[in-house]
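Here the structure is laid out as structure tokens; the discussion comes afterwards.
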Amino acid sequence: MAFDNLTDFFEMGRHGVYVWSVYGFSTVSLALITWSTLSKRHQIQETLRKRFLRDKTI
Amino acid sequence: MSWTWFHKLGSPKWFFHWSKSLALPLFGFGCICLLFGLVWGVAFAPEDYQQGNSFRIIYIHVPAAILAQSCYLALGLSGLVFLVWQMKIAPIFIKAVAPVGAVMALMALVSGAIWGKPTWGTWWVWDARLTSVLVLFLLYMGIIALQNSLNDVTLANKAVAVISVVGLINLPIIKYSVEWWNTLHQGATFTLTEKPAMPAEMWVPLLISTIGLYCLVAGLALWRMQTEILIREHRSNWVKQEVMKDGL
């Protein structure tokens, strides 16, 4: 590791707040776009399935 | 050279079946690669002698910026393909990828601003590189807004394809902005012809996280295209069979 201990790792020599806020923002962004992609994908599949099932029973 | 693959790719049905088993492995491989590159870069790469530890922002900033531009290049080329050959899959691709590209551009802008504060002493300057990337983000937003405001699919396809092609002009401006104008921003990290100007322990993790983000975005793009194909083709028989079969 490039750091001697965990405190150094989190502090990053006074740059910790910058580095970690960037990685926090990026993680949240990627998680949000992934979640919206998968939930939309699932939702369309379910909506269509229900519609097809309903059409069959009429 | 046989062009059958090209014609096949244009068919939403064929594309759906082809991409179905590909999205999850691509996405998973991308996540693992990205995580590996980031942990290596943030925890193990040596400290920069000038910038200290703030340089570790590079491991997400550069991949996001590369992806934002690559996505736009793909968008513009798809627009061209649609306008010339009327390929059905092209507008589906544009609609699916534009929001992902916008997220990448936003990540590049935000990480760049946060990096700018300790390095340049300011969050933002109106220089050529930063402004042209902001324009890239606004182009993505424009494409998304136009897509959502037009209910007529035929019209939306054409309008979005045209704006995507027109926006291509911004890409060389972004690329050469650091050479044509005076700027605070440094030059390119990776070029095809020269070795990076940093030691391998610094650029190898960057390369890995870039490849990881490429695969992650590709997986997302395939899923989003599948969603759009299901919506657009919901009247056809194969969609019915597909949906009743279950599974992502």
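Bear in mind that the values in this text are calculations on the coordinates, not laboratory data. The shown structure was predicted, so the numbers you read here are calculated from the model rather than taken from an experiment. For neighbour counting, all protein chains shown are included, and Cβ atoms are generated from backbone atoms with ideal geometry for every residue, glycine included.
Things to note:
- Under-22-angstrom lysine pairs by C-alpha in chain B, whenever the two are 8 or more apart or on separate chains: 18
- Net length available on complete extension from residue B:80 to residue B:186 is 35.0 nm, with 0.36 nm assigned per residue and the Cα-Cα distance removed.
- Here the contact order of chain B, divided by its residue count and restricted to Cα pairs under 8 Å and six or more residues apart, works out to 36 percent.
- Structure-based [θ]222 nm, chain A - -39500 (n - 2.57) summed over DSSP H runs of at least 4, per residue, nearest 500: -29000 deg cm²/dmol
- The residue among B:111, B:28, B:132 whose Cα reaches farthest toward the positive pole of the charge dipole of chain B, with charges on the beta-carbon of Lys, Arg, Asp and Glu, is B:28.
- Three-way shape label, the range A:6-56, alpha-carbon gyration tensor, a/c 1.5: prolate
- Legend: mean number of C-beta atoms from other chains within 10 angstrom of residue C-beta atoms, peptide B:56-66, equals 3.
- Cα-derived Rg to Rh of chain B, Kirkwood definition: 1.01
- Other protein chain C-beta atoms within 10 Å of residue C-beta, averaged over B:123-129: 0.
- Projected label points at residue A:53 and residue B:126, each 7 Å from Cα along the beta carbon direction, are separated by 5.8 nanometres.
- Inter-part distance where the range B:152-208 and the range B:27-64 are each reduced to a Cα centre, Å: 19
- Net length available on complete extension from residue B:244 to residue B:51 is 63.8 nm, with 0.36 nm assigned per residue and the Cα-Cα distance removed.
- Counting Cβ atoms of other protein chains within 10 Å of each Cβ in A:30-37 and taking the mean gives 6.
- The magnitude of the dipole of the range B:60-206, with charges of +1 and -1 set on the Cβ of Lys/Arg and Asp/Glu and taken from the Cα centre, is near 220 debye.
- Calculated mean residue ellipticity, 222 nm, chain B: -25000 deg cm²/dmol, from DSSP H runs (n ≥ 4) at -39500 (n - 2.57) each, averaged per residue and rounded to 500.
- Rg and Dmax over the alpha-carbon atoms of the protein assembly as shown stand at 21.3, 73 Å.
- Computed extension length for residue B:162-residue B:232: 23.1 nm, one decimal, from 0.36 nm per residue of separation with the Cα-Cα distance subtracted.
- Between the residues A:21, A:38, A:9, the greatest Cα displacement towards the positive end of the dipole of the range A:6-56, with unit charges on the Cβ of Lys, Arg, Asp and Glu, is found for A:38.
- Cβ-Cβ FRET estimate between residue A:2 and residue B:14, R0 fixed at 45 Å, reported to 0.05: 0.40
- In chain B, excluding the sites themselves, the longest stretch lacking any of the chymotrypsin sites (Phe, Trp or Tyr not before Pro) that are in a DSSP loop with at most 14 other Cβ atoms within 10 Å is B:50-122.
- For the range B:102-216, the equivalent ellipsoid derived from the Cα gyration tensor has semi-axes of 30, 18, 14 Å, listed largest first.
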